[in-house]
Amino acid sequence: MKLHDGKDRKILLAEFGMICVALFWGMGFVAGKFVLEDMGPFDLMGYRYGLAFLTMLILSVRHYKFMTKKTLYSGALIGILMFIGNMVQTYGLQFTTPGKQTFIICTYTVIIPLLSWIVFREKIPANMIAAAAIAFVGIALLTLQDDLSVNFGDALTFVFALVFSVQVIIIGRLAGELDPFMFALSQMGTCAVFSVAASFLFGEGLSFEALTSMSFSASLGMIELVFFNTVFAFVVQTVCQRIVPAHHIAILMSTETVFGTFFAVTLAGEVFTGRMTIGCVLMFTSLIVSNITLDGKARS
């Protein structure tokens, strides 16, 4: 894209920001797997969002004056969805692999336009229908067992993809009207309250001793989840969705699957079977098809 003015440059930087977000999200699957070796999913969520919220409190000091009721309520709604979605995803990660999770979650690139049609009656192009069919077959190859049963972790991961899609649609509708720091702070604050409560109710509860006794790999995983996957990612996502055209968001976020697979293979030593590889190829195909118009050109 040729840079004609400051607006083009601003869009280009925002798109780069979304790719950075996708990188840290892709890394988060392996990071979460490492942390789960030392603690349960409820405690992981409690530490992750509790520490992220405290970090955001410090970073957002100069933005407190921009907090409004709409920002608080909107952020609380997203925060509840964050808790439900990430709790399901984190719990499901115990029963599946990082690589499979990142591919299943990438179905949001198809789910988002489908939900937009259901809720806002936006017309679905023929390529989206084809992409949904291809993605369905790909998910089946990735998730179905030999007896055609579905892995529990894979099913939970798909639920997360649905919840995340709703979250993206709502953020896209509200981000331009709200201060990004206060919006992100209210999201994390709400998610942190539920996550910490869940840790004490269903987990071991939070303690400084448990946090400092983690293995080196689990500690690095927690750092990635708190500061990069959560604080950085959600602030940048909120800012970029104010700038990047809506139809580009799903394309940029879909690069999460590439990063997720790369880290699953290089850091977690994951090996894909032949059937799973075919499923992954079909998932990539669905991403391409979902972003190509009838004239054969990629959407821009």
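The values are calculated or read from the model by the stated rules, or taken from the named source; none is laboratory data. Computed from a predicted structure; not experimentally measured. Glycine also receives a Cβ, built like all others from the backbone with ideal geometry; neighbour counts cover every protein chain displayed. The area values use the complete protein model at the heavy-atom level, side chains included, leaving out ligands, DNA and RNA. Shrake-Rupley method; radii C 1.70, N 1.55, O 1.52, S 1.80 Å.
I'd like to verify a number: residues in region 198-222 that are open to solvent by less than 80 Å² (accessible area, probe 1.4 Å) and without any contact (Cβ under 8 Å) to a residue 60 or more places away in the chain, how many? If you could, list the steps in order and put the result at the bottom.
Of region 198-222, the ones open to solvent by less than 80 Å² (accessible area, probe 1.4 Å) are 198-199, 203, 205-207, 210-211, 214-215, 217-219, 221-222.
Then keep just the ones that are without any contact (Cβ under 8 Å) to a residue 60 or more places away in the chain; that gives 207, 219.
The total comes to 2.
Based on this model, can you work out whether Ala22 counts as in contact with a Lys or Arg (Cβ under 9 Å, 6 or more places away or on another chain), at pLDDT below 90 and surrounded by fewer than 24 Cβ atoms within 10 Å (Cβ to Cβ)? Quick ask: steps written out before the conclusion?
Details: in contact with a Lys or Arg (Cβ under 9 Å, 6 or more places away or on another chain): no; at pLDDT below 90: yes; surrounded by fewer than 24 Cβ atoms within 10 Å (Cβ to Cβ): yes.
Against the criterion (in contact with a Lys or Arg (Cβ under 9 Å, 6 or more places away or on another chain), at pLDDT below 90 and surrounded by fewer than 24 Cβ atoms within 10 Å (Cβ to Cβ)), Ala22 does not qualify.
Which of the residues belonging to region 174-202 are over 18 Å from Thr55 (Cβ atoms), modelled with pLDDT under 90 and of a type outside the set (D, E, K, R)?
Leu174, Ala175, Gly176, Leu178 - these are the residues of region 174-202 that are over 18 Å from Thr55 (Cβ atoms), modelled with pLDDT under 90 and of a type outside the set (D, E, K, R).
Here is a list of conditions, (1) out of contact with any Lys or Arg (no Cβ under 9 Å at 6 or more places or on another chain); (2) open to solvent by 50 Å² or more (accessible area, probe 1.4 Å), and Ser116 meets all of them except one; can you say which number that is?
Of (1) out of contact with any Lys or Arg (no Cβ under 9 Å at 6 or more places or on another chain); (2) open to solvent by 50 Å² or more (accessible area, probe 1.4 Å), only one is false for Ser116: (2).
Going through region 70-104 one residue at a time, which ones are in contact with an Asp or Glu (Cβ under 7 Å, 6 or more places away or on another chain) and either modelled with pLDDT under 90 or more than 9 Å from Ser186 (Cα to Cα) (or both)?
Of the residues in region 70-104, the ones in contact with an Asp or Glu (Cβ under 7 Å, 6 or more places away or on another chain) are 71, 96-100, 102, 104.
Hits for region 70-104 are Thr96, Thr97, Pro98, Gly99, Lys100, Thr102, Ile104.
State whether one or more residues within region 119-126 are outside any loop (DSSP other than H, G, I, E, B) and either touching a helix residue (DSSP H, G or I) at 6+ places or on another chain (Cβ under 6 Å) or under 22 Å from Phe259 (Cβ atoms) (or both). Before you say what the answer is, go through the steps one by one.
Within region 119-126, the first condition is being outside any loop (DSSP other than H, G, I, E, B), and the residues that meet it are 119-120, 126.
Now drop any that are not either touching a helix residue (DSSP H, G or I) at 6+ places or on another chain (Cβ under 6 Å) or under 22 Å from Phe259 (Cβ atoms) (or both), which leaves none.
Within region 119-126, not a single residue is outside any loop (DSSP other than H, G, I, E, B) and either touching a helix residue (DSSP H, G or I) at 6+ places or on another chain (Cβ under 6 Å) or under 22 Å from Phe259 (Cβ atoms) (or both).
On the basis of being modelled with pLDDT of 90 or more and small (Gly, Ala, Ser), does Ser215 make the cut?
On the way: modelled with pLDDT of 90 or more: yes; small (Gly, Ala, Ser): yes.
For Ser215, the condition - modelled with pLDDT of 90 or more and small (Gly, Ala, Ser) - is met.
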